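Scroll down for the structure; my scribbles are underneath it.
Where a number appears in this text, it was derived from the coordinates with a stated rule and is not lab data. None of the values given here were measured: they were computed from a predicted structure. A quick note on method: Cβ atoms are made from the backbone with ideal geometry, for glycine too, and the neighbour counts reach across all protein chains shown.
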Amino acid sequence: MTEINPAPAKSNKFALLMVFLVVFIDLLGFGIVLPLLPIYGDQYVARVLPEGSSSIFHGIILGLLMSSFSMMQFLFAPAWGRYSDFIGRKPILLLGLLGSIIFYALFGYASTLPTESAHLALFLLFAARIGAGICGATIGTAQAVIADCTSKENRSRGMALIGAAFGIGFTFGPLVGFGALTFFPDQAGATGYISAGLSLFAFILGLVKMPETRVLGGHSANRKIFDVSAFKSVLSNPALGPIIFVFFLATIGFGAFESTLAMINQDVLKFGKTSNFLLFAYVCLTLSLANGLYRPL
């Protein structure tokens with residue numbers, strides 16, 4: 001197999017910049033879409049289901065719509081990471097950004113459809129979230145880029161870059177969504193199109209500037225894409241297993257919170273979409289600040 005020489009030290013800054021952008025754009029788009037997705041989904045689901053249908057079915061469809069993105073990330077993150085060992089980091093990251101362009105634009109288009117086209121709109125929303133989850137499952141590959149171009153001594157500092165991009169993107173996403181609705185109040189698809197535009201910017205920058213950091217043909221490329229034994233080993237580790245389990249429970253709680261908050265704001269608190277975005281921005285900012293305070297401790 002042809003080898004790709006690792007990027008020189010002076011090019012590592014572009015690789016790290018791309019890592020930051022990939023994670024930032026991923027979470028920015030997630031933060032833009034999240035406050036609107038249950039609201040848009042709710043209006044289409046209400047039209048699709050027969051009148052008098054149980055609210056349970058309504059909730060199940062909305063729950064599947066909200067969870068489809070994260071489920072696809074869970075399934076495809078190991079695959080993208082392993083394939084990046086075979087074909088390089090850059091193609092995988094660019095492929096993820098290209099998919100984000102397509103599927104965020106699809107979300108924008110689906111959001112503009114009238115309720116008379118509820119079946120098509122709901123189908124496109126599912127396709128957009130599933131596709132965005134598949135193409136956005138590249139955070140593991142971004143972590144691999146950091147491992148490729150940092151020394152062991154500086155690796156923790158490099159990994160902190162992902163945490164920073166995660167927090168900043170998740171915080172600014174709702175603010176960008178707020179700005180989109182403020183300046184384009186009559187354009188329901190503006191949030192999706194802005195997310196697609198940001199992904200396009202990152203894609204062009206990566207295509208032109210990002211170096212390849214992976215040396216192909218190494219021994220790690222021979223490992224399995226899904227290593228069940230490694231998964232079991234981590235969970236059975238007395239130090240790591242309980243931490244992962246607690247984090248899993250905390251994530252379930254936060255997932256339930258974020259997927260219902262928009263509906264509570266709309267139906268109970270009578271918030272508009274712009275107020276909804278501001279509340280999500282406050283929640284995300286609080287999370288980012290808390291993470292920043294916990295880490296030094």
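Quick look at the numbers
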{"quantity": "HIS58, HIS119 arranged by Cβ crowding within 10 Å, fewest neighbours leading", "calculated": "HIS119, HIS58"}
{"quantity": "Positive dipole terminus of the stretch 9-294, leading residue within GLY99, PHE203, THR112 (C-beta point charges)", "calculated": "PHE203"}
{"quantity": "Local electrostatic count at LEU125 - Lys and Arg +1, Asp and Glu -1, tallied over other residues with Cβ under 14 Å", "calculated": "+1"}
{"quantity": "Computed [θ] at 222 nm, deg cm²/dmol, the chain (DSSP H ≥ 4; -39,500 (n - 2.57); rounded to nearest 500)", "calculated": "-26500 deg cm²/dmol"}
{"quantity": "Point-to-point label distance, ALA250-LEU75, nm (Cα→Cβ direction, 7 Å offset)", "calculated": "2.8 nm"}
{"quantity": "Projected label distance in nm at LYS270 and LEU240, using a 7 Å step from Cα toward the beta-carbon", "calculated": "5.2 nm"}
{"quantity": "The chain, relative contact order in percent, only Cα pairs under 8 angstrom and at least six apart counted", "calculated": "34 percent"}
{"quantity": "Radius of gyration and maximum dimension Dmax of the stretch 9-294, Cα, Å", "calculated": "19.6, 64"}
{"quantity": "Burial order of peptide ranges 107-117, 239-249, 122-132 (average beta-carbon count within 10 Å, highest first)", "calculated": "122-132, 107-117, 239-249"}
{"quantity": "Additional length obtainable on full extension of the chain from PHE183 to ILE204, 0.36 nm per residue less Cα span", "calculated": "5.0 nm"}
{"quantity": "In degrees, nearest ten, helix 273-294 long axis to first principal axis of the chain (Cα)", "calculated": "30 degrees"}
{"quantity": "Under 21 Å between alpha carbons - lysine pairs in the chain that sit 8 or more apart or on different chains", "calculated": "9"}
